[in-house]
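Working notes, structure below.
Every read-out reported here was derived from the displayed coordinates using simple, explicitly stated rules and does not represent laboratory data. All of these numbers come straight from a predicted model, not from anything done at the bench. As a convention, Cβ positions derive from the backbone with ideal geometry for all residues, glycine included, and neighbour counts pool all protein chains shown.
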Amino acid sequence: MEQFSSFLASHPMLSAAWVGIFIAIIVTTIRIKMSPIKQLSPQEVTFTMNRDNGIVLDIRAEKDFKNSHIIDSKHISAEKLKNNDFSALEKYKDKPIIVVCAAGITASKAADQLLKAGFTKASLLKGGLNAWTGAGLPVVKK
């Protein structure tokens, strides 16, 4: 314990950085747990699609979507997403919608927009399409 104390005293900037990172991890974890938007694993997405007739909404670029996407997924353009134009999804308002991006980072903003637009069952694929393909699950390639 004495070595730990001397390390903290000798390296205040490094110690402060570690404390900051630790606090950021705790805050992020709490935010995720408290969020109404669920982060689903690839296996949970397949269960949602099969059991609850969930809809996969791909928000990647059109070119990326055409190269490969999850079977039966719908695509929404960045322009419609930016303008909150979800009119094409109105018929799916009561169904679970799983938002997919490349790595799972930008999907949270889109899922939040869906939630604010009245889509109460919005969630996202944790890790994005990278997690989906990493799990060995099928994609449509054109």
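Candidate values (i) 13.7, 39; (ii) 15.4, 48; (iii) 19.4, 64 were compared with Rg and Dmax of the Cα atoms in Å computed on the shown model; the agreeing label is (iii). Determine which aspartates and glutamates satisfy two conditions relative to LYS126: a Cα distance under 20 Å, and not lying fewer than 8 residues away in the same chain. Answer for LYS126, where 20 Å is the Cα cut-off: GLU44, ASP52, ASP58, ASP64, ASP72, ASP112, listed by chain and number. Among GLU2, GLU90, a tally of other beta-carbon atoms within 10 Å of each Cβ gives an order, fewest to most, of GLU2, GLU90. Phi-derived couplings, Karplus 6.51 cos²θ - 1.76 cosθ + 1.60 at θ = phi - 60°, listed residue by residue for the range 87-95: 4, 5, 9, 3, 6, 9, 4, 9, 9 Hz, with x used for Gly and Pro.
When the C-alpha to C-alpha distance is required to be over 24 Å, the pairs from LYS121/LYS142; LYS38/LYS74; LYS33/LYS109 that qualify are LYS121/LYS142.
Distance between the modelled labels on LYS95 and ALA16, one decimal in nanometres: 5.3 nm (7 Å Cα→Cβ projection). The HN-Hα couplings worked out from phi for the range 127-141 by the Karplus form 6.51 cos²θ - 1.76 cosθ + 1.60 (θ = phi - 60°) are x, x, 5, 4, 5, 4, 5, x, 7, x, 8, x, 10, 8, 10 Hz, whole numbers, x standing for Gly and Pro. Taking the fewest neighbouring Cβ atoms within 10 Å as the starting point, the ordered list for ILE32, ILE59 is ILE32, ILE59. Charges were assigned to the Cβ only: +1 to each Lys and Arg, -1 to each Asp and Glu. The resulting dipole of the chain about its Cα centre is roughly 380 debye. Taking THR28, THR46, THR106 as the candidate residues, the one with maximal mean-square fluctuation in a Gaussian network model of the chain, Cα springs under 10 Å, is THR28. Of the residues ALA122, SER5, ILE23, the one whose Cα sits farthest toward the positive end of the charge dipole of the chain, with +1 on the Cβ of Lys and Arg and -1 on the Cβ of Asp and Glu, is ALA122.
A simple rule links phi to the HN-Hα coupling: the Karplus curve 6.51 cos²θ - 1.76 cosθ + 1.60 with θ = phi - 60°, which for the range 102-117 gives 5, 10, x, 8, 7, 5, 5, 5, 5, 5, 5, 4, 4, 4, 5, 7 Hz, with x for Gly and Pro. The fewest-to-most ranking of SER35, SER87, SER73 by surrounding Cβ atoms within 10 Å reads SER87, SER35, SER73.
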